[in-house]
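Note sheet for the following structure.
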Amino acid sequence: MKCKLCGEVAQIELRNHNISLCKGHFLEFIEKRVTKTIEKYSLFNIIDKILVAVSGGKDSLALLHILKKMGFNVTGFYINLGIPVYSDASQEKCMIFSKKYDVPIYVFDLKSFFGIGVFEISKKIRRNSCSVCGIIKRYVMNRFGLEEGYTVLATGHNLDDEASFALGSVLNFDIQRLDKDRIILPSKDKALKKVKPLSFLTEKEVAGYTILNGIDYIYDECPYSKGATSMVYKRALNLIEERSPGTKLRFFKKIIENKELFKKSQENPLEEENQFCINCGYLTYREKCNFCLIAEKLLCDNKVRCNFFDNIFQL
Ligand code: SF4
Ligand code: ZN
Ligand code: ZN
C-alpha cells in the first residue's frame, strides 16, 4: 500500500476518502481538515483565548496538540471526577502532555469540592452518573472560562460522537435536537461560545493522529460509558461504514446542512427566557441552576458562590 501523494509506504488507509497516506501526509491531511472546519464555521481566530476541555483521552489531547501547533492561544481544563483508578490515571496523562508540549492545564477536583466523587454524588441525589457528570462539566468549564477571560470553549467531539447523536435523535424521533448548529454554539450572556473543531474527523482518524504523533493518552474508556446507548449507535454506524465507507460523514453533513428542517414549533425555555440562577448568577431555566441544586443537597449554597476557585489548580 503506497501513499497516494508521494508513493512512500502508506501508514494508514482512509476508505471514507478513498486514499492511503504516509505518516507525514496523513498528519498534514488531518491538520488541513481541522483548519478548514475552523475557517468555514468561523470557530475562532488567533486573538481568541481558547479553553480546551481535556479528559486524558485521544480526542481532547489531539485537539490541544493541533491547536497549539497551529499557534492558537490554548489552555487545557481537566475535571477529576473522583472515579477510582480511572480519574487519577487520566489526570496523569494530562500532566505528561502539559509538560511535554508546554501547555498549561487546569484541574477542578470534584472530590475536594464535594467531598465525594461522581458515582457517590449520583447515588445520593438519585440520578445516573453521566447526567451528574454532564451538569458538573458544563457548569464548571463555562464558569471557569468566563471568569478567567477565555473567549471560547473547545471540545474534542469527533464525527463518531456527532453521527451517533444524530442517529439516536432520528431513531427516537427527537429531531428537534438537530435544529442547532452542532459545530458552534454562539456565546450569550453568562455562556461561553462552544466549538467542536474535530467534528468531521472519525474516531479512527483522530486515534491515528494521536498515535503517529506519539501522544500518550488513556486507552480505557470511562467505566460508566459501558452499556451507554451511544456506544450501540456507534457500533451500528461502524458496521454500515464497513460496507459503505463515507456514510458517517455524508449523514452528519446532511444533518447540519438541513438543520432548518428540524426547527421545533415550541422554543426551548432556556433560549427564550435566559433566566439566571438566584444563587450563582449563571444560566438556568428554573430558580436555581442544576449545579447549585446538586450542591444544595450535598453542601451549602455559599460554597458555590465563594469557594468555587479554591478547588482549581494548575498541573
Ligand atoms: Fe462522565 Fe464517564 Fe458518563 Fe462520560 S461516561 S459522561 S465521563 S461519567
Ligand atoms: Zn506521502
Ligand atoms: Zn447556580
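Could you tell me whether the range 16-30 includes any residue that is in a strand (DSSP E or B) and not hydrophobic (A, V, I, L, M, F, W, C)? Don't jump to the end; show me each part of the working.
Going residue by residue through the range 16-30, those that are in a strand (DSSP E or B) are 19-21.
Still in the list and also not hydrophobic (A, V, I, L, M, F, W, C): 20.
Scanning the range 16-30 turns up at least one residue that is in a strand (DSSP E or B) and not hydrophobic (A, V, I, L, M, F, W, C).
When Ala62 is evaluated against the numbered criteria (1) surrounded by 13 or more Cβ atoms within 10 Å (Cβ to Cβ); (2) in a loop (DSSP other than H, G, I, E, B), which criterion, by number, is the only one it fails?
Going through (1) surrounded by 13 or more Cβ atoms within 10 Å (Cβ to Cβ); (2) in a loop (DSSP other than H, G, I, E, B) one by one, Ala62 breaks only (2).
May I ask you to list the residues in the range 173-209 that are among the charged types (D, E, K, R) and under 21 Å from Leu51 (Cα atoms)?
If the condition is that a residue be among the charged types (D, E, K, R) and under 21 Å from Leu51 (Cα atoms), then Asp181, Arg182, Lys188, Asp189, Lys190, Lys193, Lys194, Lys196 are the ones that fit.
Go through the range 149-174 residue by residue and tally those that are part of a loop (DSSP other than H, G, I, E, B) and without any contact (Cβ under 8 Å) to a residue 24 or more places away in the chain. Let's see the steps before the verdict.
Pass one, the range 149-174, residues part of a loop (DSSP other than H, G, I, E, B): 149-151, 155-158, 172-174.
From what is left, the residues that are without any contact (Cβ under 8 Å) to a residue 24 or more places away in the chain are 172-174.
Here the count works out to 3.
Tell me, please, whether a residue that is more than 17 Å from Gly208 (Cβ to Cβ), open to solvent by less than 80 Å² (accessible area, probe 1.4 Å) and modelled with pLDDT of 95 or more can be found in the range 10-32. Explain how you work it out, then say what you get.
Pass one, the range 10-32, residues more than 17 Å from Gly208 (Cβ to Cβ): none.
Among the residues of the range 10-32, not one is more than 17 Å from Gly208 (Cβ to Cβ), open to solvent by less than 80 Å² (accessible area, probe 1.4 Å) and modelled with pLDDT of 95 or more, which makes the answer no.
Could you please give the count of residues in the range 91-114 that are without any contact (Cβ under 8 Å) to a residue 60 or more places away in the chain and not in a helix (DSSP H, G or I)?
Count: 2.
The values are calculated or read from the model by the stated rules, or taken from the named source; none is laboratory data. This structure is a prediction, so every number in the text was calculated from the model and none was measured. Heads up, the Cβs are rebuilt from the backbone with ideal geometry, glycines too, and the neighbour counts pull from every protein chain shown. Side chains are part of the model used for accessible areas, which takes the heavy atoms of the whole protein and leaves out ligands, DNA and RNA. Shrake-Rupley method; radii C 1.70, N 1.55, O 1.52, S 1.80 Å.
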